[in-house]
Amino acid sequence: MRFDRAAQLIGNSPALTELREELRRVERTEARVLITGESGSGKEVVARQLHARSVRASKPFVAVNCAGLPETLLESELFGHVKGSFTGAYRDKPGKLEVADGGIIFLDEVGEMSLRMQGLLLRFLETGELQKVGADRTETRVDVRTITATNRNLRDLVEQGQFREDLFYRLNVIHLVVPPVRERREDIPELAKHFLAQLGMPKRDVAREFSPEALALLVAYDWPGNVRELQNMIERIITRAQGEVVVVEDLPNEVRARMPGTPPVRERRRTIADHLYERITNEHQSFWTTVYPLFIQREITRNSVREIVRRGLADSHGNYKIVARKFNMEPGDYKKLLNFLRKHNCQPSFKEFR
């Protein structure tokens, strides 16, 4: 799902005003910041604004999503690896911490880290030293400011033994809370109008405003996916609206049927397949170096492989030749892909794509 990461904190509700004031108080500090809030509420937007206002604004801002990635893949992502350290490591690769040297590293969903990864992160925070996967010694030191975010209660995880107490106190120097959309409903009209103008800008003959009745229903909806869900829904509305004004009939069923006060539905947790598919399609990594080694090493299941391939087929109208190109394979590799999937029982049902 696409999310406007460059968006400002739009709205003037008391909850958002308080957050802006806290941002102003900490914008020039070098202290570590922990940002908490529900999924889709805009934690990365807050982190990027902290970067833009900091003394490191001219240096890199590097974001890493810690959720859903296998431990070894996350370790390589953060610390880098040396050639030959694992199957598919054909060259030395710098980690995101090294890339962020002088700037800010943003670790999203830090509460999903394994205890071992938490220990590696703690050691880095204490020393600033980097040891790449497969290296036998520390190679370099970096100067990185750390901003972390999570939609989970880290104190509860500490009590349950799932999060290191020493790491929690290292990260929780300054704590910022991003309020969910349902706690700042007065901001919804401004957010909705902003996304309507932004997403409809390059197109002609699309809706330009909301009817009062449609806007009232948007305000009444609980927005379990928060700002991310709102932006995605406005994009859907633009494709459905028949005139220049969005009316009630243009709204999705869940908005028209939802009444105020209904408990929010939890957003689907992102999976390993989601992250690996994004690495293939967005970062142009090959299936053979991104997915295949993890499956052979039993770090992901055949269900994860099947889901990745299923998504590729859905985007390619069931054509494996197109999937092979989409998965950044060599020409003709689609037969090799088919053989691999059949051998390991990872092939999705053809019935879905007929």
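Being among the basic types (Lys, Arg), under 23 Å from residue 71 (Cα atoms) and either surrounded by 13 or more Cβ atoms within 10 Å (Cβ to Cβ) or not assigned by TED's automatic domain parsing to the domain that holds residue 91 (or both) is a description that does not apply to residue 310. Restricting attention to region 17-29, the residues being surrounded by 12 or more Cβ atoms within 10 Å (Cβ to Cβ) and either among the β-branched types (Val, Ile, Thr) or in contact (Cβ under 8 Å) with a residue 12 or more places away in the chain (or both) number 7.
Of all residues in region 190-210, those satisfying the criterion of being surrounded by 16 or more Cβ atoms within 10 Å (Cβ to Cβ) and over 25 Å from the mean Cα position of the chain (by Cα) are 206, 207, 210. Of the helices (runs of 4 or more DSSP H) contained entirely in region 161-246, not one carries at least 3 residues that are among the acidic types (Asp, Glu). For residue 257, the conditions (1) closer than 25 Å to residue 9 by Cα; (2) surrounded by fewer than 18 Cβ atoms within 10 Å (Cβ to Cβ); (3) modelled with pLDDT under 85 are fulfilled apart from (1).
Might you let me know whether region 134-147 holds any residue that is buried (at least 17 other Cβ atoms within 10 Å of the Cβ), free of Cβ contacts under 8 Å to residues at least 60 places away in the same chain, closer than 30 Å to residue 82 by Cα and hydrophobic (A, V, I, L, M, F, W, C)? Checking region 134-147: at least one residue is buried (at least 17 other Cβ atoms within 10 Å of the Cβ), free of Cβ contacts under 8 Å to residues at least 60 places away in the same chain, closer than 30 Å to residue 82 by Cα and hydrophobic (A, V, I, L, M, F, W, C).
Any residue that is surrounded by fewer than 20 Cβ atoms within 10 Å (Cβ to Cβ), in a helix (DSSP H, G or I) and over 22 Å from the mean Cα position of the chain (by Cα) - is there at least one of those in region 69-81? No - not one qualifying residue is present in region 69-81. Once region 123-152 is narrowed to residues that are assigned to a loop (DSSP other than H, G, I, E, B) and at pLDDT 90 or above, the residue that is nearest to the chain's Cα centre (by Cα) is 151. Among the residues of region 224-231, is there at least one that is of a type in the set (D, E, K, R) and outside the structural domain of residue 30 (by TED's automatic domain parsing)? So far as region 224-231 goes, yes, one or more of its residues are of a type in the set (D, E, K, R) and outside the structural domain of residue 30 (by TED's automatic domain parsing).
The values are calculated or read from the model by the stated rules, or taken from the named source; none is laboratory data. It should be emphasised that the depicted structure is a prediction, and the values quoted were computed from it without experimental measurement. Note that each Cβ is placed from the backbone with ideal geometry, even for glycine, and that neighbours are counted across all protein chains shown.
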